[in-house]
Every structure is written in structure tokens, then in C-alpha cells.
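Readers should treat all values here as calculations from the given coordinates under stated rules, not as data from a laboratory. Given the structure is predicted, the values throughout are model-derived calculations rather than measurements. We place every Cβ from the backbone using ideal geometry, glycine too, and count neighbours over all the protein chains shown.
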Amino acid sequence: RGEVTGEGGYVYSKPGMYTNVAVLDVASMHPTSIEQLNLFGEYTQRFSDLKRARLYIKHGEVERAGQLLNLKIDDTINLKGLSDALKTVINSVYGLTSAHFDNPFRDLRNKDNIVAKRGALFMIDLKHAVVDFGYDVIHIKTDSIKIPNADDKIINFVMEFGRKYGYEFEHECTYDRICLVNDAVYVAKTMDKDPV
């Protein structure tokens, strides 16, 4: 596709001023890539359970999280602390898959960070699909995409496109206006009726 990506997440930007910009973010991209690649064989399901439990907690579904963790979650448990702890474990495990030192999560055949590579290649395909669908893409940063002049049609398209690859997108917010300075810096104002 004429795209260049490194060993980490894909980054793309078209600096400028834009309006009505939807920000769509993949929930747990790297952990989902681990699941889709079945990277840990028979242990992949346990990793998936930890990821799902964290997402359940994040969305207030504590009973479902408790069932996955075999834990009674009540008022005495700090939910944010538990969610943050699970996120730390999940992200650490991802980091260990491509570490330069031997560990139980590292596969010596993984020469080019297959987990991040899968996500990066997906985001490149997504960018081309969105443009082919008639919309513009102004920013991609690893697991999120920003689309100006967004409507329900393109938001639903992105969510459905992600599901084909096992990724679940969340509509983080819609910016009324955004000034994208470069591939990492922007200033934005959210809409009054923000979905977040």
C-alpha cells in the first residue's frame, strides 16, 4: 500500500484545522492482537479473561468481572485501583512478548514485534478503507483514528471494520474543532453533547 511502519504502533497525521472530528479508539488493541494471534496457546484464554474483566470494570459491569476473576467484588474493593492493576499486568505482558531478554512471554521467533505489527497493519488497512468510503483521515496514533466531518455512517463503518479483525472500537468523543499541529500535538474543543 506504499505505507511505512516501524516496529511499534502506526502514526499518521495531516496537520491543519478541522471540524466535527470523531475520535474512535480500539479498546485494548495490543491485548486483542495477542488474543487473535493465539500468542500464548492454551494460556491465551486466561489472558483474554483478564482483559475482559478490566473492560467490564471500566464499563461498570462489576458482577461479570467478578465471575471472570473468581472474585467477589463489593464496596470494599477500589474499582479504579483494580482496573489500573489489571491494565498494568496486561500491558506488561504485552511488553514482555517483544523484550530483548528471556522471559516466559517471549517467543524467539518474534523478530519484529508481531503484536504491534498486527495493529499497525490493521490501522493502515482501516485508513485506506475510510478514504475509499469517501471520508478523510487526519490522525492515527497506534490505536485511535480521527475522522473530520464524521457522521453515524462512518462511525458505524469503522466499528464494523474493526469487528472483522477482532477489534472493538469505542467512540471516545467528537471534537467540534481541532487544530492538529503534528503527529503528537493538537488542541481541540469537544462538542457539548459529547458521548464521553
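A compact table of results
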quantity: Efficiency of FRET from Cβ geometry, residue 79 and residue 164, R₀ 35 Å, rounded to 0.05; calculated: 0.65
quantity: Label-point separation, residue 5 to residue 142 (7 Å along Cα→Cβ), nm; calculated: 1.4
quantity: Folded to 0 to 90 degrees: helix 114-132 orientation relative to the chain principal axis, Cα; calculated: 30
quantity: Those residues of segment 18-44 whose amide nitrogen sits under 13 Å from the label point placed on residue 179, 7 Å along Cα→Cβ; calculated: 18
quantity: Percent RCO, i.e. relative contact order, over segment 42-86, from Cα pairs under 8 Å lying at least 6 residues apart; calculated: 38
quantity: Segment residue 44-residue 61, extension gain: residue separation times 0.36 nm, minus the distance between their alpha carbons; calculated: 3.9 nm
quantity: Distance violations [Cα-Cα > 29 Å] among 51/127; 141/164; 87/164; 51/189; calculated: 51/189
